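Below is one structure, written out as structure tokens, with a few remarks after it.
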Amino acid sequence: QVQLVESGGGLVQAGDSLRLSCAASGRTFSNLAVSWFRQAPGKEREFVAGISSGAITAYADSVKGRFTISRDNAKITVYLQMNSLKPEDTGVYYCGSRYFSVSSSASTYGYWGVGTQVTVSS
């Protein structure tokens, strides 16, 4: 079992920054890939960014150059630094984990947190 807990969401204005955290417990964290997905009302959950067990990163085109994902294995936490936020970044942000490699398909992730709300006003 892997438990994931997201934090750091909030209400911000366009152009502001937020840092989300995903704290993990359970299985060996260093073997896990962790990704951030987001879901807006009425839309499907979409891939935002991911980091593999070997710290290889991947980003959705919509966030490249604005978001940075990182991991701290000592703190068993993955971070998502979000800069230059836009109203279209609004949604519930979830972190998910799977072994080793990142996938942009939410159905391949076996463990999820409960999410944290990010709202960006214009």
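Residues whose amide H comes within less than 5 Å of that of ARG71, counting only those at least five positions distant or on another chain, are TYR79 (H built at 1.01 Å from N in the peptide plane).
Of the chymotrypsin sites (Phe, Trp or Tyr not before Pro) found in segment 47-107, those in coil by DSSP whose Cβ has at most 12 other Cβ atoms within 10 Å are PHE100. The residues of segment 1-95 expose on average 48 square angstrom of accessible surface per residue, using a 1.4 Å probe on protein heavy atoms. The mean sequence distance of close C-alpha pairs (under 8 Å, at least 6 residues apart), as a share of the length of segment 76-122, puts its relative contact order at 49 percent. 3J(HN,Hα) couplings calculated from phi for segment 85-99 with the Karplus curve 6.51 cos²θ - 1.76 cosθ + 1.60 (θ = phi - 60°) are, in sequence order, 5, 10, x, 6, 7, 4, x, 8, 9, 10, 9, x, 10, 8, 7 Hz; Gly and Pro show x. Around the amide H of THR90, modelled in the peptide plane, lie the amide H atoms of VAL120, all under 5 Å away and 5 or more residues distant in sequence or on another chain. Pop a pseudo-label 7 angstrom from the Cα along the beta-carbon direction at both LYS86 and GLU44 and give the gap in nm to one decimal. Those two pseudo-labels are separated by 2.1 nm.
Between LEU32, LEU11, LEU80, the Gaussian network model of the chain with springs among Cα atoms under 10 angstrom shows the greatest mean-square fluctuation at LEU11.
Working note: Karplus 6.51/-1.76/1.60 with θ = phi - 60° gives segment 13-26 the couplings 9, 4, x, 6, 10, 9, 10, 8, 10, 10, 8, 10, 8, x Hz, where Gly and Pro are set to x. Got a number for carbon plus sulfur as a percent of segment 6-122's accessible area, 1.4 Å probe? C and S fraction of accessible area: 49 percent. Remark on TYR111: its backbone amide H falls under 5 Å from those of SER97, a criterion applied only to residues 5 or more positions apart or on other chains, H modelled at 1.01 Å from N.
The values are calculated or read from the model by the stated rules, or taken from the named source; none is laboratory data. Source: prediction; values computed, not measured. Cβ atoms come from the backbone with ideal geometry, glycine included; neighbour counts cover every protein chain shown. Quick note on the areas: whole protein, heavy atoms, side chains included, nothing else; ligands and nucleic acids left out. Shrake-Rupley method; radii C 1.70, N 1.55, O 1.52, S 1.80 Å.
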